[in-house]
Amino acid sequence: QFMSSPEDNEYLVEISSHKYVEKVNDFLSADVVDMIEKAGFVWPTQQNNFLRWFNASTPEEIQALAEVALAILARVFRYRKGGKVIVKTHIPTGSVTASYA
């Protein structure tokens, strides 16, 4: 889920949580947990989702953010069953870039 700030320069990205939807726990292997933590998402402490704010204001940055989110979701929920999803991200403070296979 994405939500933008009123200024349209920050986006809150949420991934469904095992604290909110118990079935998500089935997908949280050690390598998935490692990826979520390294991507800087905040772990839920109550009934809420994993979340992270990203700075993104240009169409290119917003597109890259969407690609990052889709790659993470594919990895967490094993969307591409035909092959392993490899996510490589570089998320500097002021912008977002991503590549994935």
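Numerical summary
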| item | result |
| --- | --- |
| Odd one out for residue 49, checked against (1) surrounded by fewer than 17 Cβ atoms within 10 Å (Cβ to Cβ); (2) farther than 16 Å from residue 67 by Cα; (3) not hydroxyl-bearing (Ser, Thr, Tyr) | (1) |
| Options 15, 62; residue that is surrounded by 16 or more Cβ atoms within 10 Å (Cβ to Cβ), in contact with a strand residue (DSSP E or B) (Cβ under 7 Å, 6 or more places away or on another chain) and β-branched (Val, Ile, Thr) | 15 |
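Throughout, read-outs are computed from the coordinates displayed, never taken from laboratory work. These figures come from a predicted structure and were not determined experimentally. FYI the Cβ positions are ideal-geometry reconstructions off the backbone, even for glycines, and counts take in every protein chain you see.
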